[in-house]
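Shown next, in structure tokens, is the structure this report addresses.
Any read-out appearing in this document is the output of simple, stated calculations on the displayed coordinates, not a laboratory observation. Small disclaimer: the values here were computed from a predicted structure and weren't measured. A quick note on method: Cβ atoms are made from the backbone with ideal geometry, for glycine too, and the neighbour counts reach across all protein chains shown.
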Amino acid sequence: MTPASTTSRLCAALLFGLCIVDEAAATSSRGVLAPPGIAPAIDLSPRTYELPGPLKPVAGGRLRAITADLTRRGAVRRIAGVARRFGVAMRVVYLSNAEEYWERLPDEFRDNLAALPVDERSVVLRTLLTWEHNRDYRYNAQPLPNYRRWLAHASVRTIHDVVRLDRLAADARGFFEVHELPDLALLQRRELRRRRLEAAAAATAAAP
């Protein structure tokens, strides 16, 4: 196989086959990492990711399911390392609504996304729960370099600092894009307001 064809195959595998899930959803009986006492949320057994017969010739071995934890140092960095060795940019990272489960965007998550090789065409795809509005989700795309600029600021605590649901303007399909850059002054004001609220809550809880 020539170097060009190797790069082409790897690009296809990373672009279409990257599946980032939470290792905490797996159990040790399936041969992957799992903290004790955490029940599986999804089935990560190999049969779950078997392609239907008609798709196997199309995939040609280019799709691969990899168990990875966005909040740990491990598989995501290894994927990034392989991509860098072959000069391949990560074009799509699909996060579902994982970000909404975190009270604060974890440092390792920020570092993992920062490690991925990207270019101007790289995007993050995510869903956001908007049940009270449409009993469904909203669907979002954001340039990955843009998102990394947000994640570089510690005052960006949650995904809702990046995507303001009260200002969300989705189309008829529920889809919208984010291109805005972080407003540092606004983020600092929000952070000060949070700290005041947290301090008031702590004082109330400590009061006799």
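Quick one: in the range 159-191, of everything that is without any contact (Cβ under 8 Å) to a residue 24 or more places away in the chain and exposed (fewer than 11 other Cβ atoms within 10 Å of the Cβ), which residue is farthest from Glu103 (Cα to Cα)? Among those that are without any contact (Cβ under 8 Å) to a residue 24 or more places away in the chain and exposed (fewer than 11 other Cβ atoms within 10 Å of the Cβ), it is Ala172. Contact annotation: residue pairs with Cβ atoms under 9 Å, 6 or more positions apart or on different chains, pairing a residue in the range 134-145 that is touching a residue at least 40 places away in the same chain (Cβ under 8 Å) and surrounded by fewer than 20 Cβ atoms within 10 Å (Cβ to Cβ) with a partner that is outside any strand (DSSP E or B) and not hydroxyl-bearing (Ser, Thr, Tyr), are Asn134/Ala170; Asn134/Gly174; Tyr137/Asn97; Tyr137/Trp131; Tyr137/Gly174. For the range 75-95, how many residues are of a type outside the set (Phe, Trp, Tyr) and exposed (fewer than 15 other Cβ atoms within 10 Å of the Cβ)? The total comes to 6.
Helices (runs of 4 or more DSSP H) fully within the range 102-159 that include at least 2 residues being hydrophobic (A, V, I, L, M, F, W, C), within 15 Å of the chain's Cα centre (by Cα) and under 18 Å from Ala80 (Cβ atoms): 107-115, 144-151.
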